[in-house]
Amino acid sequence: MTFRTRVITATVAAAAIAVILACFASYFTTRTALFHSVDESLIQASEQAPNTHYDNRVTGSYSEIVLPTGSTLPTSAVPIDAAIMNVAKGKSPRVIRTVAFDGQSYRELITPLPANSLVSCPTGICQISTTSAQLFIVDVTGQVTELSHLVATLMLVAAGGLLLALVLGLFLARQALHPLEEVTNEIETVAMTNDLQYRLTEGDEDELGRLRRVFNRLLRSVESSQTLQRQLVLDASHELRTPLTSLRTNAQVLSRGGEFDPDDLRQITDDMITQVDELAALVSDLGELARGERSEGELEVLRLDDCVDECVETARTYARLRDITIDVDLETSVVQARHDRLNRAISNLLTNAVKFTPEGGQIMVRSSNATVTVADSGPGISKEDRQYVFDRFWRSPSARSLPGSGLGLSIVAQVVAELQGTVSVDRDPRLGGARFTITLPEFVRPEKTSEA
């Protein structure tokens, strides 16, 4: 079932329910009003004094006494059924109803009379020794006919109302869904042409306007993601070209290995191993970036100081080769993160600090309140370059001669963004070099409540 059909069906169903309820209400209100005055007259007649003359007690068209034997005073052609007999025998209370006989409709009131009741009769006042019933009848054929006419009229009104509801449903569905069809057509155009630069006209501040704005934001997000993906591929191909070209050159040289002495061959081999290591690191970094801003796996509750200490121990292995001192000042703090991703971000900062710290230099690592700071005594980063340090494949002019792919700090920024934290860089006032600061949301353990 299409959405248009659902709208039309809902409109017609709502109108049908309203029309039917209105017709029922009109019918029962009119019926009650018509019979109420007749019933009141019948009740008043039944409450008259028993010694009132018979001719004065007749209400509408007829009044009679029904004995338990089924005979009537006076004799009449009114049908005596079980309901009348039950009242005459004292088994039932007063009954008021509508009956039909001889092609006419009558409103009938049956009231019980106790034994020894005095009632009016043609000869005066009579006493009945047994229980009996007094029957009051009034002709309501005219009222019933009017009700029949009303029912026919209401059925016509209901049919007309349903027909009108169907027409209005078709009209309203067309008017209401036309803007939605326009949005759908525009979205289908984007899907067929794959034109991510296309933008929908946002329109008014209503639901459709909100849908258009949300879809435009989605298009911008997808366009940005596609642009970044293309840029990543272009940058990666550019970065891969240099080591691959160097490897190809060295491989060609090795093919003529008999022309070189062993020292030259060893140097060429060492260069090729270094280039392969660079390629492996670049591929690993590209794989890390390909995870996106949302990596797989559940977050763990980790002590940040333990993670920093673990990364520092690994970094000291490389720092000792250049006589670099790493000082650590750690305070306990707890965060939620993936252990491998968090360690990768911290290790990248430490690796970057070791790379740019001169021999005999110093690195200072601090951690407290879910914050990690890594400062070094290297040349630092100029204010002009700080806005680019977290871009993929960006490398400062002074670092282009050093090994690396320019992806380490991009991975740091990605991991920190995934954990809803921030990372910044400035100059350390004490050591004079670069100072990177990671700030993460601190995890607060819920307090345990004890039941009394």
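The table for this structure:
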read-out	value
Checking residue 186 against (1) closer than 30 Å to residue 414 by Cβ; (2) in a helix (DSSP H, G or I); (3) not β-branched (Val, Ile, Thr), the condition it does not meet	(1)
Residue list for the range 405-441, restricted to those being free of Cβ contacts under 8 Å to residues at least 24 places away in the same chain and more than 42 Å from the chain's Cα centre (by Cα)	429
Residue count for the range 335-374, restricted to those that are free of Cβ contacts under 8 Å to residues at least 24 places away in the same chain and either aromatic (Phe, Trp, Tyr) or crowded, with 20+ Cβ neighbours inside 10 Å (or both)	0
Answer from 270, 261, 323 - the residue that is assigned by TED's automatic domain parsing to the domain that holds residue 372, acidic (Asp, Glu) and either at pLDDT 75 or above or surrounded by 14 or more Cβ atoms within 10 Å (Cβ to Cβ) (or both)	323
Every pair of residues 6+ apart whose Cβ atoms lie under 9 Å, when the first sits in the range 156-170 and is at pLDDT 85 or above while the second is part of a helix (DSSP H, G or I) and not hydrophobic (A, V, I, L, M, F, W, C)	157/26
Selected residue (criterion: surrounded by the fewest Cβ atoms within 10 Å (Cβ to Cβ)) from residues of the range 71-90 that are under 15 Å from residue 129 (Cα atoms) and among the small types (Gly, Ala, Ser)	71
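The values are calculated or read from the model by the stated rules, or taken from the named source; none is laboratory data. For clarity, every value in this text was computed on a predicted model and none was experimentally measured. All Cβ positions, even for glycine, are placed from backbone atoms using ideal geometry, and neighbour counts span all protein chains on display.
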